[in-house]
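First the structure, in the form of structure tokens, and then the observations on it.
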Amino acid sequence: MDNVSIIVDDLAGAIAFFTALGLKLEGQMPVEGRWVDRVLGLEGVKVENAMMRTPDGHGGVELSKFDRPAAISPEPKNAPVNTLGIRRIMFAVDDIDDMVARLQKAGAELVGEVAQYEDKYRLCYMRGPEGILVALAEQLF
């Protein structure tokens with residue numbers, strides 16, 4: 001897998017959130033033209049894209065803010081974790097408590113609590129800007 005696409009209204013806020021998570025901004029650029037209209041199956045597309053990469057460079061999150069056509073919301077912004085469709089992205093972290101604190105300083109909210117699964121992992125869900133859900137997993141062994 002190369003990347004996951006997330007459509008946002010607040011591009012700067014989303015970039016700040018994923019930066020706090022440890023991703024690096026690889027590049028940011030506007031995209032428009034007939035070729036993008038054809039790929040997306042929409043007309044008159046104008047979108048600002050920002051590519052974020054994981055520290056190891058193997059995974060990415062593509063953040064997109066649509067100027068045209070306007071983005072639509074097919075579900076509540078803060079849909080619960082059992083809503084159909086892609087719900088969250090999970091990130092492995094070295095220190096879950098530190099990461100939770102960093103993300104909270106960046107405006108994210110803890111969903112539920114940090115919980116331990118056997119003697120293997122500590123896990124939690126965080127809700128960031130635009131209702132984005134990420135899961136954090138700290139391996140214990």
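The values are calculated or read from the model by the stated rules, or taken from the named source; none is laboratory data. Bear in mind the structure is a predicted one, so any value in this text is a computation, not a measurement. Cβ atoms come from the backbone with ideal geometry, glycine included; neighbour counts cover every protein chain shown.
Odds and ends about this structure:
- All positions within region 1-48 that are in contact with a Phe, Trp or Tyr (Cβ under 7 Å, 6 or more places away or on another chain), within 26 Å of Ala137 (Cα to Cα) and in a strand (DSSP E or B): Ile7
- Of everything listed in (1) at pLDDT 95 or above; (2) under 18 Å from Val4 (Cβ atoms), the single unmet condition for Ala115 is (2).
- Every residue from region 122-141 that is more than 9 Å from the chain's Cα centre (by Cα), crowded, with 20+ Cβ neighbours inside 10 Å and part of a loop (DSSP other than H, G, I, E, B): none
- For region 95-108, the criterion of being in a loop (DSSP other than H, G, I, E, B) and surrounded by fewer than 13 Cβ atoms within 10 Å (Cβ to Cβ) is satisfied by at least one residue.
- Considered as a group, the residues in region 14-55 that are among the small types (Gly, Ala, Ser) and buried (at least 17 other Cβ atoms within 10 Å of the Cβ) include one that is nearest to Ala101 (Cα to Cα), and that residue is Ala20.
- Look at (1) loosely packed, with under 13 Cβ neighbours inside 10 Å; (2) touching a Pro at 6+ places or on another chain (Cβ under 9 Å); (3) in the same structural domain as Gly131 (by TED's automatic domain parsing) and you find that Gln116 fails only one, number (2).
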